[in-house]
Amino acid sequence: MAMIQVTNLKKSFGNLDVLKSVTFDVEKNDVVAVIGPSGSGKSTMLRSLVHLEQINGGSIAVQDRFLVKDGSYSSPQEIKRITGKMGMVFQHFNLFPHLTVLENLEIAPRVVKGEAAADIRRKSMELLEKVGLSAKADVFPAKLSGGQKQRVAIARALMMNPDIMLFDEPTSALDPELTGEVLQVIKQLALEHMTMIVVTHEMGFAKEVANKVMFMDHGEVIESGTPEQLFNNPQHDRTKAFLNRVI
Ligand code: ADP
Ligand code: MG
């Protein structure tokens, strides 16, 4: 089953065409690495999937239900239901600074889902354990390293039981020595068969963990394929030029 189908997605800001007819599929259990130069539309594409951006044309379907079809959005309830299947992790963590780690994890499920508090607590402690931060439950984000903050952000996204995780350059804001601990958590999710789209500049990670790599440039998907195809045998000059710059 296709988890996500994006067809002819168009997005512009004013007269800047940021996404020009982007089309791609994500299958269940795919780990898709999205690579490409800064400004190519990677973040806008991810943000469109969770309706943080309103698109100007095309379709997005998640698990065969349309978020937007030929430019027309579904009802607000349907949009909420569909975007609720996806967890998003941002480059700059976006934790609530006035809430402890545990409160950051629990606020959305408490407000949104009406689950029993004890169940929420059990899950939040499990997820903190999973990301190696049980000891930080009662700490405020300001006391954490960047790598720890990002691991909290991942645990927070997982609290909503997403079927799909979206990562927008999850390690770009981190000191190099802290990227490994975050990539390790994402890799663990891949091993557990979480369906994921990861926008990343970490080519080693993309090679090792992704089963598909998609190269974007100037608002278009230039090519996609297995890591082997894309890194070892790129077809397009723009892909070759980009890889020559970053590898
Ligand atoms: P990437 O994530 O690949 O670096 P983005 O999706 O962030 O690219 O941006 C693509 C283009 O869209 C850039 O030219 C950027 O300046 C522009 N852009 C992104 N967000 C906005 C916005 N809210 N308003 C105007 N232009 C934007
Ligand atoms: Mg970006």
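The values are calculated or read from the model by the stated rules, or taken from the named source; none is laboratory data. Note that the coordinates shown come from a computational prediction; the quantities given were computed from them, not determined experimentally. Here Cβ is always computed from backbone atoms with ideal geometry, including for glycine, and neighbour counts include all displayed protein chains. The accessibility values were calculated without ligands, DNA or RNA, using every heavy atom of the protein model including side chains. Shrake-Rupley method; radii C 1.70, N 1.55, O 1.52, S 1.80 Å.
The GluC sites (Glu not before Pro) found in the range 44-128 include none that occupy coil by DSSP while having at most 11 further C-beta atoms within 10 Å. Distances between placed amide hydrogens fall under 5 Å for G36 paired with M216, all partners being 5 or more residues away or on another chain. Between M159, Q63, V246, the Cα set farthest toward the positive side of the dipole of the chain (charges on each charged residue's Cβ, about the Cα centre) is that of M159.
Determine the dipole magnitude for the range 5-78: charges of +1 sit on the beta-carbon of Lys and Arg, -1 on that of Asp and Glu, nothing else is charged, the reference point is the Cα centre, and the result goes in debye to the nearest 20. Write out the running numbers ahead of the final one.
Working: 8 positive and 8 negative charges, 39 e Å.
That gives a dipole near 180 debye.
Between the range 110-170 and the range 181-231, how many Å separate their Cα centres? Spelled out, the Cα-based centre of one part sits 23 Å from the other. Phi angles of the range 30-45 translate, via the Karplus equation with coefficients 6.51, -1.76, 1.60 and θ = phi - 60°, into HN-Hα couplings of 5, 10, 9, 8, 10, 10, x, x, 4, x, 7, x, 5, 5, 4, 5 Hz per residue; Gly and Pro are given as x. When +1 charges are put on Lys and Arg Cβ atoms and -1 charges on Asp and Glu Cβ atoms, the dipole computed for the chain relative to its Cα centre reaches about 440 debye. Proximity of backbone amide H atoms, modeled 1.01 Å from N, is registered between T195 and N29, M165 at under 5 Å, excluding neighbours fewer than 5 places apart on the same chain.
Under 13 Å from a label point set 7 Å out along the Cα-to-Cβ vector of D163, the amide N atoms of the range 40-77 belong to 61-67.
Sorting E202, E192, E129 by solvent-accessible area of protein heavy atoms yields E129, E192, E202, largest first, with a 1.4 Å probe. Expressed as a whole percent, the proportion of Cα-Cα pairs in the chain lying more than 26 Å apart is 40%.
Which whole-number percent is the relative contact order of the range 206-247 (Cα, under 8 Å, 6+ apart)?
On the way: 40 pairs, mean separation 12.8, N = 42.
Rounded, it is 31 percent for the range 206-247.
The phi torsions of the range 122-136, fed into the Karplus equation with coefficients 6.51, -1.76 and 1.60 and a -60° offset, translate into couplings of 4, 5, 5, 5, 4, 6, 5, 4, 4, 9, x, 10, 4, 6, 9 Hz, rounded to whole numbers, with Gly and Pro shown as x. Ranking F205, L19, S134 by Cα position along the charge dipole of the chain, where only Lys, Arg, Asp and Glu carry charges on their C-beta atoms, puts S134 farthest toward the positive end. With the helix formula -39500 (n - 2.57) applied to DSSP H stretches of n ≥ 4, the chain reaches a computed 222 nm mean residue ellipticity of -11000 deg cm²/dmol.
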